[in-house]
Amino acid sequence: LYSASRGRSLYLGLEQFSGLSKLLSSKEGGLSEALYCFKSGGTNSIGKIISCTGQISGMDYFYPVTCAEDISEMQEKEFLDFLNMIINSGVYKYIWIDVGCVYNSPWRLMEISDRVIMPKAIDYMGANKVSEMENYLMVSGREELLNKIEKSDVVYDENVAGYEITIDLLRKHFMVELA
């Protein structure tokens with residue numbers, strides 16, 4: 001993986017139903033337990049939170065939430081505090097966040113990010129969605145965020161869209177190396 005070879009990395013998925021539960025090990029506790037540790041221990045809980053991660057191909061990850069409400073009902077400020085605690089801990093050089101559709105204010109995450117990687121739209125409706133988002137960033141005074149967005153080609157592969165998914169296949173298609 002690009003970042004894992006250049007520094008410790010964390011993948012953080014914010015989807016209620018990510019489809020990753022059969023690919024990843026759940027023995028570490030995952031995002032649900034990490035959020036619980038944060039809510040009960042605050043900024044003193046970084047060690048417990050990091051212990052909730054698993055590792056695959058040199059990258060740490062949080063196993064997906066076990067209860068959809070763990071992220072869908074989380075307040076934005078609370079999540080940003082959780083994320084900033086991880087960032088400020090210095091444990092990770094790179095943090096990959098898959099925002100999904102549950103996070104109501106993705107521009108807040110974009111504001112604290114160095115880089116935003118977004119799949120290129122491959123159809124008419126996808127292009128319209130991207131255009132609407134870009135227009136919103138402009139009219140809301142957040143046009144500087146457009147400079148952070150890097151659009152990446154995502155290659156369609158029957159194996160990814162179908163039934164047999166392996167880590168090597170995911171790495172090949174989704175973990176692109178960026179300059």
Exercise. Determine whether the range 28-38 contains at least one residue that is surrounded by fewer than 16 Cβ atoms within 10 Å (Cβ to Cβ) and closer than 18 Å to Tyr11 by Cβ.
Key: no
Quiz item: Residue check: is Glu144 among the acidic types (Asp, Glu), assigned to a loop (DSSP other than H, G, I, E, B) and either more than 27 Å from Asn84 (Cβ to Cβ) or modelled with pLDDT of 90 or more (or both)?
Solution: no
Quiz item: Got a number for residues in the range 82-101 being more than 15 Å from Gly13 (Cβ to Cβ), open to solvent by less than 50 Å² (accessible area, probe 1.4 Å) and not hydroxyl-bearing (Ser, Thr, Tyr)?
Solution: 2
Quiz item: Taking the stated definitions as given, is Asn104 open to solvent by 20 Å² or more (accessible area, probe 1.4 Å), under 17 Å from Glu15 (Cα atoms) and not aromatic (Phe, Trp, Tyr)?
Solution: yes
Quiz prompt | Any pair with Cβ under 8 angstrom, 6 or more apart, that starts in the range 114-125 at a residue that is farther than 16 Å from Leu146 by Cα and ends at one that is of a type in the set (Ser, Thr, Tyr) | solution = Ile122/Tyr156
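The values are calculated or read from the model by the stated rules, or taken from the named source; none is laboratory data. From a predicted model like this one, the values you see are computed outputs, not experimental measurements. Note that we place each Cβ from the backbone using ideal geometry, even for glycine, and neighbour counts take in every protein chain shown. When the accessible area is computed, the model is the full protein with side chains, heavy atoms only, and any ligands, DNA or RNA have been set aside. Shrake-Rupley method; radii C 1.70, N 1.55, O 1.52, S 1.80 Å.
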